[in-house]
Structure formats: C-alpha cells, structure tokens
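J.: I have a structure I would like to understand better, so I am pasting it below and will then ask my questions one at a time.
The values are calculated or read from the model by the stated rules, or taken from the named source; none is laboratory data. For clarity, every value in this text was computed on a predicted model and none was experimentally measured. Positions of Cβ are backbone-derived with ideal geometry, glycine not excepted, and every protein chain shown enters the neighbour counts. Ligands, DNA and RNA are stripped out before the accessible areas are found, and what is left, the full protein with its side chains, is counted by its heavy atoms. Shrake-Rupley method; radii C 1.70, N 1.55, O 1.52, S 1.80 Å.
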Amino acid sequence: MEAENALVRMHQDLQRALKKPAERRSWAMAVDVRKCIGCYGCTVACIAENVLPPGVMYRTVLDIELGKYPNVVRILKPMNCQQCDNAPCVPAANAVAPGSLEKRPDGVVAVNYERATKEAFEAARAACPYKRAVYFDDGRFYTDGTPARQAYEMRPSFEYGKEWTRTAGKPPVNALRKCHFCVHRVENGELPACVTTCVGEATYFGDLSDPQSLIAQLLRENRDKVMRVYESKGTQPRVYYLTDTPVLCKSQHP
Amino acid sequence: MKESTAPRLTRRRFLKTTALLGGSAFLLSRLGWPSELFARTRLAEYELTKPENILYTVCQQCNTQCGLKVKLYDGLAAKLEGNPYSPWNLQPNISYRASPLDVATLDGRLCPKGQAGIQTVYDPYRVVKVLKRAGKRGENKWVTISFDQAVDEIVNGGDLFGEGHVPGLKEIWALRDPKLAKEMADDVKAIWAKKTPEEKKAAVEAFKTKYAEHLDKLIDPDHPDLGPKNNQLVFMWGRLKGGRSELIKRFTVESFGSVNAHGHTTVCQGSLYFASKAMSEQYQKGSWTGGKKFYWQADQNNSEFIIFVGASPFEGNYGPTNRAPGLTRGLVSGRLKFAVVDPRFSKTASKAWKWVPIKPGTEAALALAMTRWIIENKRYNAKYLSNANKAAAVADKEPTWTNACWLVKIVDGRPEKFLRAKELGLTDEDRFVVLQDGKPVAFDPYDTANPVKGDLFVDTTIQGIRVKSGLQILWESASSKTLEEWSAICDVPVRDIIELAREFTSHGKKAAVDIHRGVSQHTNGFYNVFAWFALNLLIGNYDWKGGMSQASTFDHTGGKEGQPFNFAKLNPGKTTAFGISIIRHEIKYEQTTLFERYPAKRPWYPLSSDIYQEIIPSAGDGYPYPIKALFIYMGSPVYALPAGHTNIEILADPKKIPLIVASDITIGETSMYADYIFPDLSYLERWEFAGSHPSITQKVQPIRQPVIAPLTETVKVFGQEMPLSLEAMLLGIAEKLGLPGFGQGGFGEGQDFTHPDQFYLRMVANVAAGDRPGNEVPDADDAELELFLRARRHLPKTVFDPERFSQIVGEKWWRKVVYVLNRGGRFDNWEQGYDGDYIKNRYGTLINLYQEKTALTINSMTGKPLAGYPIYLPLADSVGRPIEDEKQGFDLHLITHREIVATKSRTISNYWLLAVMPENAIVMHPRDAQRLGLSEGDRAKIISASNSEGVWDLANGTKVPMIGTVHLTEGIRPGVISFALGYGHWAYGATDLVIDGETIKGDERRRATGLGGGAGVHANAAMRVDPYLKNTCLVDVYGGSAVFYDTRVKVVKV
Ligand code: SF4
Ligand code: SF4
C-alpha cells in the first residue's frame, strides 16, 4: 500500500460515493496516530477553510509527553468533533434550542447556525465527553487591534453549502461552531481540508459503507490497531484512531 | 461553470479607486477591501473548486518552496492548498499531462505555515509606498516619498538627512569602461599569482604606472586588488531564488561592476554547503575546480535506515510537506526505521527507533567513532571504495567513485598533496597513483576505458616518498581515539555507537546519513559535515535509490541547447567586476597585497561564499575596505544572525555605512535601520524560479508567479507602469544611472529591458523548452489557454498582459509558457525520479574522501594548514582558542530549534499560527530548573559572557530584555536549553512607529515578552560574540558557518 497515493485514492473513492444518494453515504474519518507528525497543518487548514475566529479551532492536536529522559514518548493525536452516531450533544442542545443540531443520514452532526445559540453551545459542551469538539463564535477577528481588519477574515465561508459572512453581524457569529467534515467541500468532490493537507498522511476520510474505499480497507486490515476515544461511553464516534498502543493512547485522553 | 466573469471583477474595480486615496495610504491596511464588499447574503455554490478560481504557484513561507494551489474569491487569495502537480505536495504527484481543468478538486498537502501564508501577504503592517527615514537611523520615524524622489536621491546623493553628504550611486559607479575593467582585472590576477612579497610590490608599482590616469577609480591604488570603487556598493540578501537572483547579480555585478553581491548561506547551513562543495571539487586541467555549492539528502521514500543528525524534517530542514509522507509511510509499512541525533527530543525524534541526545558540538566525534567501528569490523563497501576512476566505477555499476585508494604524500607526518605519477617517473602526464597489490599504478580519474582499482589501506614509502591512501588517513583519524574515548567526548554510550554503526551497515545502499544545521552551525561545522558524509561514502550510497540524492532542476537561464533565451548572452553591456570582496571569499589571504601576518584582521574564506555574518561587521571595521552603500533584500541579519545585535551598532551609524536601502514588505528588525525602504511584492504577487532540494529526486522547476493583484503602489519606469517591487527599484535606479543591460536594447539590439516580465517570461520559456531539443512541454490547447486568461481576470495590466506576455516569448513558445504556468512550474512525473535501483538525476562523478584543495589551504587566523580529511575539532574561537565560559559559571548550553509553526524572521504576522503557539519558551530539563530554582511558567532572562545584561540594544534608546517563559520537558538533554526561532519581535509590526507624523500602534501579539508583549523571546543576542573579532558571532573559519550552538549561558529568574 506504500506506493499508493492515498489522497488520489480517497479522491476517487469520494467521486464514487457522490454518485450514491446522499442518505446512503456514511462519512467517517480515520487518524493513524503513528503517522501524525504534530504539524498542526490540519488545524490551520481548517481555520482558513472555514474562516474561523479567535478561540474557535475545529481541529486541534494533542501533544502529550510521557516518560523520563532519555526514555521519552510523545503522543501526537488530532481531535475534532467525532460526529457520534449516538451524539449526546444533539438532544442536549435541541432541548434548549430546538433544531440547533441535527444528525444527518450521512453521519455528520450538523449545526443550524440560525438556531444554535449560546445556550445550545453550553448545553452541547456540557453533554459532549470530548473536550475540543464544540466552540462558540464570540464575534472576534484576528486582525482587530491592528491598523485594519483584513479581507481574508471578511470573506464568506461556505459551510453547509451556504455563504456565511461574519461581518454581517449575523450567524455564525454568536453561534455554536464545530467540525462538519467539510461537507461543503465533500459534496463538491473535494476531501475535507484537514485531510488533504495532512502532512504526515495520517488522516483518512471516506464512505464507510463502500467496502472498496480506502478508509474501509484500512479499518478492516488493522482491526487490532483501531480504537475510538471514549467508546465505553456509547457515543459511537465516527472518528477512528490507528495506533500500535491502543491502551496507552486511550488512557492519555484528557 | 455557469457564472459569467463579470461580477468577479469587483476587486479590480476597487483597486482603481484606491489610487485616489493618495498620500496617507502607506500601509496595506489603508488599501484594504471595504468590509461591505463581502457582506452580502446569498446562497451560492462552493466557488473555490472551480478551475477558473484557481492558480498554481510556489509557497515561500519557508524555503522548502512547496507547490501552491491558490483558490481565489473575488481576486482575494482565499484558501491555499498544495499543488498536486508538485512532488513536494503529493507523492506520487499527478501526471504533468493532466489538464488543470480536470484536477480542480484534487489538492496536495501543505504545512501549517503554508496554510497561513495569506496572513503574510495581507499583513496590515505591510508597506506599500516608499519610506524615507525622518529621524535618526533606527528611530522608526518615517515619511512617505515618491518613488522618483527616492530613486533620484539614491542615485545623486547629497545632504539627504541633514547629517552631511551622502554619496550617491553615480559617485560609487566609478569604473564604467568594461574594456578597462577587464584589463585591470587580469592585471590584478597577475599580482595575486606573484610568489614573493617583493614581486607583488613590483607588480603593484607596474599596475600604478600602467593605469596612472585611472587610479581615482580604485578604492586604494596601493592595493589595486581591492578593486574599483564600484565594490563599495554592497548588495546582500536573505531568501532569494532564481530569477530575482539573476536580476540582482545583473544589476550589481554585471552592470554596476561590484563584486559584492552576497547571500545568506552561512546563517542557515553554510558549512553543509561548503563541505559538500569541497567533496565535489573535480580535477580539471591540473587543478581542483567546479565544486558545487550544494549538498545531499536521503531519498527518504526508499531508504530502509536513516540517521538524521541535527535535522528534523518534520519541523524544518526543507520539510515537512515533501519529506514527511515518505517517512511516515515507511514507518508504518515496516520499510523504514530512523535514528535522530539531536540534544532535543524533536517531533522527528518522537517517531525514531533511537533518539541519541548528543552533546552539542561533538557531532564529528560520533561520526568518527562509527567510522572506527565500521572499518574495524570491515563493514564498509570495499568494492566501491577501491574504484579509483570512472571506468572502474562503471564496471561495478557504481554511478560515483571516490579517492579512497589514491595515494597521498605525507610530509612531516601531515597528509598533503596527492602523489603524482610523474614523481615516480611512471608517465609524463598529470596522473594520480594507486597501489595495486603493492605496485604503483598511474591513472586518470575520469578515464572511461581503463578501470583502475587500488589497495584500500596503504601506509608505505615509494621511491623515498612517504605515502598513505585516503582511506588509511580516514582510518587513522577515526582510530586516533578508542570508542570509549569518543564516547566520552560526545556522551553517546558505546553500545549506541555500535548499534548505530551496525544498523547503518546492514541495509546495503538503502541506508543514509541525513544532516542539517545541527551539524554545520558549529565552529567545527565543516569537519562535522565531512565526517558524516564520509560515512555515506563507506557504504557507497550516493545516487542509489534509498541512499543519497541531489537536487535536479530545469534550467531557467537558457544555457542548454534548444532553450530560446540564453541569459549569458543577453547582457551586451556586461562589465568585469574584480577585486577582493568585502567578505574575502574564494581568495587566499596569502595571495593578496593585504597579507601581512596571522591572525588576519578578519577571517578569509577561500573555500566558501555568501558569508552573511561577515558583511555588516566587515563594513563596520572597514576591512578590507569601507563601503558606501548597502542594499538589503528580504533579509534580516539583525534578527537572523547569532549575536545579530552586533550588526545594530554598525547599521545605526551613518559614518560606517553612509547609505542603506532596504527592499522589504514590512518594517523589520533590520530594515528599520534603512535610510529608504522600497516596499516589495509578497510571494503571491511576483515571479521567482524556486529550484529544488536534494531529497526531491525528480527534475523540477517550480515557478512563482503573480496570482493576486499587487498590493503596492504603481510606479512608472522606462515609461512602463509596474508595481513597486524589487524589480521597480532596480529598474528605476538603472534608468536614472543609465546603467547598461537595462532599458532600451538592454538585452541586445532591439530587445528592450523595460519591464520585469521581459526578464521572467523569457525564463519561463527556457523552462518550457527543457534541457535538450525534444524535451519541450506540449502546447496548451484552446481550453487551457482560455482557462489561463480567465483565471487571471483579476490581475491588472501592470503584472498581467497577455499581449505583452506572448510578444516577449514569441508565438513559438507562447502556448508552452501557458502550459507551464497553468501548472505552477515544470515537474517530472514521480517515476522519472528513478531508474531501477538508482536515482535518475545523478551526481555521477568523483566524491572526495580526501580533499587536496582543502589540505593546501591555510587558516588565515592561525597560519596553519587545513586538514584534508575528516577530523574532530574541539570548539574554538576564530583564532583557535578554546571557549571556556562555563568556567565563569555559564552553566547551560544554548541551542535553538524550529517549531513547525514558525519560520525564522517572517511568520510573526500569521495570527493563525500564533493561535496554535502564541509564544515560544526557554525550554529546559526539570533537573536544571530545579538546580536554578525555576519552575514551569516562570519568567527568566538569558545572559551570556558577551551579553551580561541579557538585552538587545536597539541603539535608539530602547533595550529589549531577553526574557522568556520557562518550559520544562524531559525531552531535552540536561545541561542544554533551547528556544524556538521566529518569536519575540520588536519590529515587523511589534512596536509603535511613526509615518508622516502619525503613530502606528504595534501589536503586542508580535512583541517580545521582554517588551511587555506576548510573543516570547528571541535570544540570538545571547549567542557568543567572537572574542577576537568582537563584532561578530562565533564562526566556523573553515566552512563559513555562523555559529548557533556553541554558547554557554545563564538563565536567571526575573
Ligand atoms: S496535519 Fe496530519 S500530521 Fe499534521 S498534525 Fe494534523 S493530523 Fe497530524
Ligand atoms: S514547508 Fe510549509 S511553509 Fe515551507 S514551503 Fe512548504 S508549505 Fe510553505
């Protein structure tokens, strides 16, 4: 599998999946922790793609040091919303803000920016066992406080296939924000921003219901190495991790 | 693609209106898009995957120079991706033949800095108009002036600042007759060729008589070898790639006639380049010449074992995008394991089979220990090493060969010259000698007909001449200490040494030593590099798949057959620059008329060039001569150099350098001392030919091209409109001076050089032509041509005019140029990088295990000859004295590192990167912290023997204390501390400045913690000043490196 170009293969997988009816796609992500080099390329690509403000980072990377000199271990583990099939955030947020979160048939837990208020955010955050999954857009800009706010922060994002302009004083400002597997890119035939940029070639994405897909093959062929974070909580996350040390990797989750 | 192009033109319309803003628009921020531009609500398709909204170019957030795919939204660079045509970004890259219309949804990889690049481009602190200083140097008070006024003042000089006369360039351009220059240059060479001081003196007198009428054009008639006054113009640069490189040299050297055009190589990894240059020198017509300024890297996509020494390809060192996937794939597939030799547990080390936290500065000791074990255990490739010439190598199917078996004469116990066959009466021809079964045999290293092999270990006397083989000499150096003794020096356990050596010799040709800054930036850097690269020679892995690889590029300068524009012939007014350079490079001290005693006043560098740390301090000392004008392009020596604070004192003093002109995109730590700042275009607005790196095995030429409208002011030069830029500055000055090689007929009869496009488009055509007839790219078809135009619909005529473009290259090349630019350059397909078990683009010749040229070079500071073979040298100052600051209580060894989210001096404007890592730290082991009473998060100051106050003195009344936050980690060798480069700024938008009387507030997110900001510490000023030179950092006097890693410091709580 080494000579193969994972991005090209997944890109082909994606075109195949898009030919299917939307409700029969099953998006999932896999991260090979052994290959993550902790570069934060995914983090920044995501900020750029989705025009994220200060304080909002859909995708982060945990950098955990263990051991004593010179026997040191460093675990580099990316985290984003796990798009759980049994997502505790959905009922919690919808209870305070009806219609704010929706579990889509393709697996994505989608935010309705018009309805996902601060209360929805707080409820979702409290319900979600994963730290670093849900964020609140408090309306700040990175270039505020400099001689002038810059255009790259004022351009629209295309999340969920719509144009969102933060300067309009409307959503997504003052809304809950989180990873959506870049469905706006995916549905236009482009892999998620964190996946295409992943410098370590550690991040995989595709349609789990397609056995031919690289992601399905990867998970199938590495059963002993696959783990999901907080599986025991019954959340059924759609982000899978591959590691040589599943126990260690699991125990190190904050 | 249902949208018409019309509504997309808003940005262009907007640019027109900004011209009305007039004088106050000196910063980019004043030219920004109005916020209401995008504030409309509509439900649109995802715009960014449409081919007509995509342009391909090259990243320059660091020097890896990855391919870029720029997604545009209303002319704004909205999102950056990796270019899938480029082997940097996709491994394997997609076929070069694929149409850009078909691959718009396919992205390549990009590192976080690459992703954040638009924040460098759209930095609110970018300057867009010419600035002239309104206060003292470094005071950071400026006025905007017109381009024409700036050019006029620089050319004509005068009392420009009310501080007295400033010489203009027209005064410095003293020698203008190319014929006279050529004649003088030849006569200077003749002076250097004279053997005795008396003969030299006589030759100087003869020179003075011959040129009696022209002595006023010389810097010093008593020392004609200093050259003409023209040399008092110095052009220095930081990051510079092809295209602009030729332009700067054309201006400075070819047309103006100054020898002083110098790059920054030694601040990065100079001794890596120059030790490799010495290893690649070839014997031609009786002398060693043609050594390449280059180096090798491992072919990580095929290696089975790599030792990374002082290199972290996951964080820097020409990674990570291009190198990481090959490494991580190899780890997971089981193909590869690697070791990391580094005092710090880098992210690369975190994936290593073995981390070796070596004592900094002892890298050669570890290499020689391994060498000893490998030779002792006969695990070297004897077959490879015994090949004395090309024919023998070819017979063995080896692309390269060495001089391991050549005989070297031993004079007074010291290896000197190679034995020549003449000396034994074997032949009259100039031949070297090997011993074959004890019998001397003469040979020509490049002979392709008669294979000659030699005995590997020779120590004997032939006809009364004491000789040893090259390998014998290496063995003696390696066995001068026991493994235990070497281990004690480098503090690597003997069992680790053996394990490394055994593993390295267990994979045939698929093992490699890959080294970088951590090896070269020491006072002994040259020999550290040599020792490690000699290990690669022991297994003979050069040019082998999985072994050592060199870079390979499509030439853009037109020297190859079939290329349409040969730049060597496109400068009819070319003159001959001559004389000793300000950095005294590529000339031996002893040959010059300045030779008097050892140590020389400052070091001479016969084996190196581009010695960055020497430029400004040499000007400060006026050695070998004072300079009059300094141009600085995309470089910040103050910030980037070790002990860069020593440069401030000189820059701030107009008596030392009367005129300083900077080309920069912001007001940085160095350009703040300029008299004039010419705003430059950022990397998304301009041209460059980015070249390649050794680990890329494919032949390539990534091309940087304008993908957004220029953000700087438009100016007029030679009657043509163009954006303010390096090009406009040079063309404008050339126009005012009447410099040959520019303007009407600048390229020759009927070929004008009045616009930058005329330079760069010709180069693109050369790349399109390829290396040989038949190697041209295809023509762009109609659909591609239409895409080419549509995707550039937001670019103004100043930078994109299809009519101008096509006229420049001519009909024959136009569609080929389009084909290349549509893909962001030219890239061979992946498989074209290999040829069976070999790397396709080969080095393919002799590699010197013994360096005769080096052995015949004298250290200008000690008067002692250099060793021609790998040795371990203890750390020393420039005159060879040990540095013993630890005895004064400086108990910690300071090193630096790169975080993946920062590049040395130019990413502090990238707020997305600061969001990941807002501040760097003083990184230390808990054991040291405990001893010093420090804990995690404490504020502490770094001081050293040469900076006991622990500050940057900006010479403007401000001092920046080197205060940072302590971070504790088990991942660093106790006794060593480190900080990440790129943080803790005091310029580049970090502090207040005044333009046209208006105060521009600095941003504390960029500001050094010591100045009350949040951006951590830049501790280069703590690095040791050389005790003899006194205004420069420690140096590697052999390879030229500026020394980053040999300073002892104290860390004190504040
Ligand atoms: S881009 Fe990939 S390698 Fe880099 S931090 Fe993210 S997951 Fe890890
Ligand atoms: S490594 Fe990163 S910053 Fe450097 S050229 Fe590549 S993408 Fe740009």
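J.: Being open to solvent by 10 Å² or more (accessible area, probe 1.4 Å) and assigned to a strand (DSSP E or B) is the filter here, so list the residues in segment B:210-241 that pass it.
T.: Selection gives B:237 alone.
J.: From the list B:97, B:109, B:137, B:176, which one is within 16 Å of ligand 2 (Cβ to nearest atom), farther than 30 Å from residue A:144 by Cβ and modelled with pLDDT of 95 or more?
T.: B:109
J.: Among (1) acidic (Asp, Glu); (2) open to solvent by 10 Å² or more (accessible area, probe 1.4 Å); (3) under 23 Å from the mean Cα position of the chain (by Cα), there is one condition residue B:649 misses while meeting the rest; what is its number?
T.: (3)
J.: In the list A:132, A:74, A:125, which residue meets the criterion of being open to solvent by 40 Å² or more (accessible area, probe 1.4 Å) and either free of Cβ contacts under 8 Å to residues at least 24 places away in the same chain or assigned to a helix (DSSP H, G or I) (or both)?
T.: Every option except A:125 fails the conditions.
J.: With the requirement that a residue be within 16 Å of ligand 2 (Cβ to nearest atom), more than 14 Å from residue A:49 (Cβ to Cβ) and of a type in the set (A, V, I, L, M, F, W, C), what does segment A:180-222 give you?
T.: Matches in segment A:180-222: A:199 only.
J.: Looking at this structure, is residue B:269 among the polar types (S, T, N, Q), open to solvent by 40 Å² or more (accessible area, probe 1.4 Å) and closer than 30 Å to residue B:295 by Cα?
T.: Taking the combined requirement at face value, the residue does not satisfy it.
J.: Filter segment A:167-179 for residues that are out of contact with any helix residue (DSSP H, G or I) (no Cβ under 6 Å at 6 or more places or on another chain) and open to solvent by less than 10 Å² (accessible area, probe 1.4 Å); which is farthest from residue A:49 (Cα to Cα)?
T.: Here is the first cut: in segment A:167-179, the ones out of contact with any helix residue (DSSP H, G or I) (no Cβ under 6 Å at 6 or more places or on another chain) are A:168-172, A:174-175, A:177-179.
Narrowing the set further to residues that are open to solvent by less than 10 Å² (accessible area, probe 1.4 Å) leaves A:172, A:175, A:177-178.
Details: A:172: 14, A:175: 18, A:177: 14, A:178: 13 Å.
Residue satisfying both the conditions and the ranking: A:175.
J.: Return the total of residues in segment B:746-796 being over 17 Å from residue B:570 (Cα atoms) and either of a type in the set (Lys, Arg) or open to solvent by 20 Å² or more (accessible area, probe 1.4 Å) (or both).
T.: Qualifying residue count for the region: 18.
J.: Ok, one more. What single numbered condition from (1) open to solvent by 10 Å² or more (accessible area, probe 1.4 Å); (2) more than 16 Å from ligand 2 (Cβ to nearest atom) fails to hold for residue B:63?
T.: Condition (2) is where residue B:63 drops out.
J.: Also, I was wondering about something else. Any residue that is in contact with a helix residue (DSSP H, G or I) (Cβ under 6 Å, 6 or more places away or on another chain), at pLDDT 70 or above and in a strand (DSSP E or B) - is there at least one of those in segment B:29-51?
T.: No: segment B:29-51 contains no residue that is in contact with a helix residue (DSSP H, G or I) (Cβ under 6 Å, 6 or more places away or on another chain), at pLDDT 70 or above and in a strand (DSSP E or B).
J.: Further question on the same structure: So, residue A:107, is that one closer than 30 Å to residue A:18 by Cα and in a loop (DSSP other than H, G, I, E, B) or not? Working first, answer last.
T.: Numbers: closer than 30 Å to residue A:18 by Cα: yes; in a loop (DSSP other than H, G, I, E, B): yes.
Here the answer is yes, as residue A:107 does meet what is asked.
J.: Could you please find all residues in segment B:312-346 being within 16 Å of ligand 2 (Cβ to nearest atom) and in contact with a strand residue (DSSP E or B) (Cβ under 6 Å, 6 or more places away or on another chain)?
T.: none
J.: Please find, among B:68, B:90, B:48, the residue that is more than 7 Å from chain A (Cβ to nearest Cβ), open to solvent by less than 10 Å² (accessible area, probe 1.4 Å) and within 16 Å of ligand 2 (Cβ to nearest atom).
T.: B:68
J.: Here's something else I'd like to know. Please tell me if residue B:770 is among the small types (Gly, Ala, Ser), modelled with pLDDT of 95 or more and more than 30 Å from residue B:384 (Cα to Cα). Explain how you work it out, then say what you get.
T.: Details: among the small types (Gly, Ala, Ser): yes; modelled with pLDDT of 95 or more: yes; more than 30 Å from residue B:384 (Cα to Cα): yes.
Spelling it out, residue B:770 is indeed among the small types (Gly, Ala, Ser), modelled with pLDDT of 95 or more and more than 30 Å from residue B:384 (Cα to Cα).
J.: So, one more: Looking at segment A:188-232 only, could you name the residues that are open to solvent by less than 50 Å² (accessible area, probe 1.4 Å), over 20 Å from residue A:78 (Cα atoms), in contact (Cβ under 8 Å) with a residue 60 or more places away in the chain and of a type in the set (S, T, N, Q)?
T.: The one that is open to solvent by less than 50 Å² (accessible area, probe 1.4 Å), over 20 Å from residue A:78 (Cα atoms), in contact (Cβ under 8 Å) with a residue 60 or more places away in the chain and of a type in the set (S, T, N, Q): A:213.
J.: Do we find that residue B:497 is crowded, with 22+ Cβ neighbours inside 10 Å and not in a strand (DSSP E or B) in this structure? Steps first, please.
T.: Working: crowded, with 22+ Cβ neighbours inside 10 Å: yes; not in a strand (DSSP E or B): yes.
Judged against the criteria, residue B:497 is a match.
J.: Now, a different point. Out of curiosity, is residue A:64 surrounded by fewer than 23 Cβ atoms within 10 Å (Cβ to Cβ) and facing chain B (nearest Cβ under 9 Å)?
T.: It is false that residue A:64 is surrounded by fewer than 23 Cβ atoms within 10 Å (Cβ to Cβ) and facing chain B (nearest Cβ under 9 Å).
J.: Turning to a different aspect of this structure: With the condition being more than 14 Å from every other protein chain (Cβ to nearest Cβ) and away from ligand 1 (no atom under 16 Å from the Cβ), I'd like the helices (runs of 4 or more DSSP H) fully within segment A:175-247 carrying at least 3 qualifying residues.
T.: Correct list: A:214-221.
J.: For residue B:397, which of the numbered conditions (1) at positive phi; (2) open to solvent by less than 40 Å² (accessible area, probe 1.4 Å); (3) not hydroxyl-bearing (Ser, Thr, Tyr) fails to hold?
T.: (2) is the only condition that residue B:397 fails.
J.: Mind listing whichever residues of segment A:142-166 are more than 7 Å from chain B (Cβ to nearest Cβ), buried (at least 19 other Cβ atoms within 10 Å of the Cβ) and out of contact with any strand residue (DSSP E or B) (no Cβ under 6 Å at 6 or more places or on another chain)?
T.: A:153, A:159, A:166
J.: Let me ask you something else. Which of the residues that make up segment B:306-363 are of a type in the set (Phe, Trp, Tyr) and either surrounded by fewer than 23 Cβ atoms within 10 Å (Cβ to Cβ) or within 10 Å of chain A (Cβ to nearest Cβ) (or both)?
T.: At the first step, the residues of segment B:306-363 found to be of a type in the set (Phe, Trp, Tyr) are B:308, B:314, B:318, B:338, B:345, B:353, B:355.
Residues satisfying the conditions are B:314, B:345, B:353, B:355.
J.: Report yes if residue B:259 is modelled with pLDDT of 95 or more, under 21 Å from residue B:155 (Cα atoms) and out of contact with any Phe, Trp or Tyr (no Cβ under 7 Å at 6 or more places or on another chain), otherwise no.
T.: no
J.: Return the only residue of B:977, B:908, B:943 being more than 10 Å from chain A (Cβ to nearest Cβ), over 19 Å from residue B:891 (Cβ atoms) and open to solvent by less than 30 Å² (accessible area, probe 1.4 Å).
T.: The unique qualifying residue is B:908.
J.: Grab the strands (runs of 3 or more DSSP E) fully contained in segment B:53-113, keeping just those with 1 or more residues being within 16 Å of ligand 1 (Cβ to nearest atom).
T.: Of the strands (runs of 3 or more DSSP E) lying wholly inside segment B:53-113, those with at least 1 residues that are within 16 Å of ligand 1 (Cβ to nearest atom) span B:76-82.
J.: Continuing with this model, one more query. Being in contact with a helix residue (DSSP H, G or I) (Cβ under 9 Å, 6 or more places away or on another chain) and open to solvent by 10 Å² or more (accessible area, probe 1.4 Å) is the filter here, so list the residues in segment A:14-23 that pass it.
T.: Correct list: A:18 only.
J.: Can you work out which of the residues in segment A:33-61 that are touching a Gly at 6+ places or on another chain (Cβ under 8 Å) and outside any loop (DSSP other than H, G, I, E, B) is nearest to the other protein chains (Cβ to nearest Cβ)?
T.: Of everything passing the filter in segment A:33-61, A:41 is nearest to the other protein chains (Cβ to nearest Cβ).
J.: Here is a check on your reading of the model: is residue B:205 without any contact (Cβ under 8 Å) to a residue 24 or more places away in the chain and either in contact with a Ser or Thr (Cβ under 8 Å, 6 or more places away or on another chain) or not assigned by TED's automatic domain parsing to the domain that holds residue B:89 (or both)? It would help to see each step written out before you state the result.
T.: On the way: without any contact (Cβ under 8 Å) to a residue 24 or more places away in the chain: yes; either in contact with a Ser or Thr (Cβ under 8 Å, 6 or more places away or on another chain) or not assigned by TED's automatic domain parsing to the domain that holds residue B:89 (or both): yes.
Yes.
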